[in-house]
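Only one structure is covered here, and it is reproduced in the block below.
The values are calculated or read from the model by the stated rules, or taken from the named source; none is laboratory data. Being a predicted model, the structure only gives us computed values, none of them experimental. Every residue, glycine as well, gets a Cβ built from its backbone with ideal geometry; the counts of neighbours run over all protein chains shown. Please note that ligands, DNA and RNA were not included when accessible areas were found on the heavy atoms of the full protein model with its side chains. Shrake-Rupley method; radii C 1.70, N 1.55, O 1.52, S 1.80 Å.
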Amino acid sequence: MVENIIILGGGPAGLTAALYAARDGFNPLVISGVNAGGQLLLTTTVDNFPGFTDGVQGPELMDKLKRQAEKFGTRFEQADVTEIDFSSSPYKVKVGSQEYEGRSIIIATGASAKWLGIESESKFIGRGVSSCATCDAPFFKGKNVIVVGGGDTAMEDSVFLTRFANSVTIVHRRDAFRASKIMQDKALSNPKIKVIWNSTVEEIMGDKRVTGVKIKNIVTNGTTEMQIDGVFVAVGYKPNTDFLNGKLPLDAKGYIITKDEVKTELPGIFVAGDVADHVYRQAITAAGSGAKAALEARTYLQSLGG
Ligand code: NAP
């Protein structure tokens, strides 16, 4: 069976594309990845998604979007894409030994948290090092932790961690945060949060679990050791494009290069959400581009006479 539209990714971009495609009667198939739901599943309150006057929990928003897409006939496969073949239409998408064929594909595989990349970090992932405060904060009740980064995620994670940890120290490589003012204010006014500016984490120390970090001041070049129980890494995101294996052009950071917003150089292949967006990266902008991708897919399918 050749699918009309296969959507890769089950975050706000993929699910909004699915909602639009399903309402158009295309009966789309969403291959949502084993960690379906995207970054919103790892968030607490989302208070900037229009329509939710009192905010909404990230997982609840994703559940609502999924049920809305399902209501109009979207089908779901919860697995990671292993291979694609865009050399001829219908395009092929492989999930292990299973192969799907689609006249049109919408790629909405999102982005994942980046790590610091130092050797001692990988040694302690899950043993005191985490990139997901929402998932792991409760394990740090009464403990002292650091958060690395200066963006909105670092601020949000720090504030959330204070609900459990005894102290939270933000370690940032510059002397100013890039986070929005409102998020900075929330963090900086919290008595449990301190900041170490102009500094990077050189080494994470410990035996079975993290016991401390070596921090380098990049202005003075001086190194200090600090005893802590946990390291939360909040240094941005990397697009999930490895599975493309060179079959679509990517920019230097690995984001898919688009033309006319959601189109690619291949007819019938569209892109939505963070996988191509390193500027806005919001749930609402991802959802908006999902809608655009589905509308473009409709125009494309109609041009085929479908
Ligand atoms: P981000 O804005 O890219 O910030 C990453 C931070 O990590 C920057 O401060 C950066 O430093 C630092 N950094 C990067 N690589 C590093 C390294 N190797 N070592 C040390 N520090 C490093 O990422 P984000 O905070 O995850 O936010 C991503 C997007 O999601 C943004 O658009 C943000 O607005 C959005 N977001 C929104 C909310 C919300 O509204 N509730 C919550 C979370 C995220 P420099 O500043 O020096 O570059």
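Anything over 30 Å Cα to Cα? Flag those among Lys114/Lys216; Lys66/Lys192; Lys64/Lys186; Lys64/Lys114; Lys66/Lys143; Lys71/Lys186, in the order listed. Violating the 30 Å Cα-Cα cut-off are Lys66/Lys192; Lys66/Lys143; Lys71/Lys186.
Ignoring ligands, DNA and RNA, what percent of the 1.4 Å accessible area of the chain is carbon and sulfur? About 48 percent, which is the carbon plus sulfur part of the accessible surface.
All C-alpha pair distances within segment 115-233, sorted into 10 Å bins from zero, spread as 15, 50, 32, 3 percent across the bins. Structural descriptor for segment 38-185: relative contact order 14 percent, calculated from alpha carbon pairs under 8 angstrom and at least 6 residues apart. Shown here: the chain, whose C-alpha atoms stretch 66, 41, 33 Å along the first, second and third principal axes, sorted largest to smallest.
Taking segment 71-139 on its own, what percent of its Cα-Cα pair distances exceed 20 Å? Roughly 55 percent, rounded to a whole number. Listed by chain and number, the aspartates and glutamates whose C-alpha is less than 16 Å from the C-alpha of Lys259, apart from same-chain residues fewer than 8 away, are Asp251, Asp274, Asp277, Glu296. Looking at segment 115-233, the accessible area is 52 square angstrom per residue; that uses a 1.4 Å probe and ignores ligands, DNA and RNA. Here the dipole of the chain is about 540 debye; that uses its Cα centre as origin and unit charges on the Cβ of Lys and Arg (positive) and Asp and Glu (negative). When each of the peptides 266-279, 223-236 is scored by how many other beta carbons lie within 10 Å of its residues on average, the order from highest to lowest is 266-279, 223-236.
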